[in-house]
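Working notes, structure below.
Computed from the coordinates by the stated procedures, all read-outs in this text should not be read as laboratory data. Quantities reported herein were computed from a predicted structural model and do not represent experimental measurements. Please note: Cβ atoms are built from the backbone with ideal geometry, for glycine as well, and neighbour counts cover all protein chains shown.
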Amino acid sequence: MVAKIASFAEFYPFYLTQHADRMCRRTHFIGSSLALVALAMLVVTGRPWWILAALIAGYGGAWIGHFVFEKNMPASFAQPLFSLRADWIMYWQMLTGKLSW
């Protein structure tokens with residue numbers, strides 16, 4: 001991505017083009033799911049190292065998807081807030097069947 005995109009409405013369609021490979025979307029979904037489990041464990045146990053586990057799971061899944069399968073740079077490097085929002089929207093769309101995974 002060369003220039004930053006100004007609105008999320010413009011960003012999300014671009015974001016989806018960066019996740020065209022099914023395996024990339026799958027690694028995102030798995031990583032995000034594991035991150036949610038880690039955050040639940042944080043709530044249950046109160047142990048703060050679960051935050052680190054959530055970050056490793058979430059970013060690890062995304063980075064594997066991009067570097068191994070999609071062969072592109074994660075959008076979070078250029079637009080982290082839009083990317084975080086887009087990731088959870090994509091997650092929800094995969095969970096509900098609106099987007100294939």
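Quick notes on this one:
- In degrees, nearest ten, helix 22-45 long axis to first principal axis of the chain (Cα): 30 degrees
- Residue-averaged 222 nm ellipticity for the chain, from DSSP H runs of 4+ at -39500 (n - 2.57), nearest 500: -22000 deg cm²/dmol
- Protection proxy ranking of 56-67, 32-43, 87-98 - average other beta-carbon atoms within 10 Å, highest first: 56-67, 32-43, 87-98
- Contact order relative to length of the chain, as percent, for alpha carbon pairs under 8 angstrom and 6 or more apart: 34 percent
- Compared with the dominant principal axis of the Cα atoms in the chain, helix 49-64 is inclined by about 30°.
- Angle between the chain longest axis and helix 80-95 axis [Cα atoms, degrees, rounded to 10]: 80 degrees
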